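The values are calculated or read from the model by the stated rules, or taken from the named source; none is laboratory data. In this text the structure is predicted, and so the values were computed from the model without any measurement. Every residue, glycine as well, gets a Cβ built from its backbone with ideal geometry; the counts of neighbours run over all protein chains shown. These accessible areas exclude ligands, DNA and RNA; they are computed on the full protein's heavy atoms, side chains included. Shrake-Rupley method; radii C 1.70, N 1.55, O 1.52, S 1.80 Å.
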Amino acid sequence: MKKGERADYILSELKRLYPNPAVPLDHFDTYSLLVAVLLSAQTTDKMVNQVTPDLWKLGKTPAEMAKRKPSEIREAIKRCGLSPQKSIAIQKLSEILVREYDGQVPDSLEELEKLPGVGHKTASVVMCQAFGQNAFPVDTHIHRLAQRWGLTSGASVVQTERDLKKLFPEESWNKLHLQIIYYGREHCTARGCDGTVCPICKALYPRRKTPVETRK
Ligand code: SF4
């Protein structure tokens, strides 16, 4: 199968398996989504969903959270990885949202990426899941599966995002990145496979015999 044909097959197969992928991080508005995505770095969404109820007891708005000390925030999120850095980032970005954005989350990728603790992937998730803008956030699952499916070389997550955006129609990105994540978690785990086991790779590479190595 050529790369474009593989992309078409994957798009239709993931649509069949996950027609309406839910946003995996619990949230009640754009600010809580931004903070939840920030917390999800090097932590499972499951763990983030376990700690955020305690965090929201400290405050549900940037104004309330900005009044909190990083040590208080850290106490609430300590079960998440990198909690010292994340607690400082949450307090600082809350202050900035109050001071510079009237307590609102800016609906621009550039502005979001300027906020403490907010990188390109986090900003892209907020743009597509909160503001409905087409974006293709690439996390470890997407980076791994895109390589296994021969859609990118895996040189970097930046390159993977660029390659996937070229291969898939823009209107599919917001659902597709979630569908790939769900497939990665359920079937195509980092430890679990060498690229010869399930229907997807059998369809994409019917003659594949040798295991596939992927880059981090
Ligand atoms: S065969 Fe393995 S690598 Fe390929 S899609 Fe299935 S689980 Fe993933």
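Evaluating THR140 against the criteria (1) without any contact (Cβ under 8 Å) to a residue 12 or more places away in the chain; (2) open to solvent by 70 Å² or more (accessible area, probe 1.4 Å); (3) among the β-branched types (Val, Ile, Thr) leaves one unmet condition, (1). Within region 15-42, being buried (at least 18 other Cβ atoms within 10 Å of the Cβ) and either of a type in the set (Gly, Ala, Ser) or farther than 18 Å from ASN174 by Cα (or both) holds for TYR31, SER32, VAL35, ALA36, LEU38, LEU39, SER40, ALA41. Considering (1) under 13 Å from the mean Cα position of the chain (by Cα); (2) within 16 Å of the ligand (Cβ to nearest atom); (3) open to solvent by less than 30 Å² (accessible area, probe 1.4 Å), the lone condition that LEU178 does not fulfil carries the number (2). Quick one: which residue in SER172, SER156 is open to solvent by 10 Å² or more (accessible area, probe 1.4 Å) and without any contact (Cβ under 8 Å) to a residue 12 or more places away in the chain? Going through SER172, SER156 in turn, the sole match is SER156.
Yes or no: THR122 open to solvent by 10 Å² or more (accessible area, probe 1.4 Å) and touching a residue at least 24 places away in the same chain (Cβ under 8 Å)? Yes: the conditions hold for THR122.
The number of residues in region 188-209 that are near the ligand (Cβ under 7 Å from one of its atoms), within 26 Å of ASN20 (Cβ to Cβ) and in contact (Cβ under 8 Å) with a residue 12 or more places away in the chain comes to 4. Within region 43-66, the set of residues being buried (at least 16 other Cβ atoms within 10 Å of the Cβ) and within 15 Å of the chain's Cα centre (by Cα) comprises THR43, ASP45, VAL48, ASN49. I need a count of the residues in region 78-110 that are surrounded by fewer than 15 Cβ atoms within 10 Å (Cβ to Cβ), part of a helix (DSSP H, G or I) and within 18 Å of the chain's Cα centre (by Cα). The total comes to 1.
Selection of helices (runs of 4 or more DSSP H) fully inside region 118-216 by the criterion of at least 3 residues being closer than 27 Å to LEU25 by Cα returns 120-129, 140-148, 157-167, 173-186.
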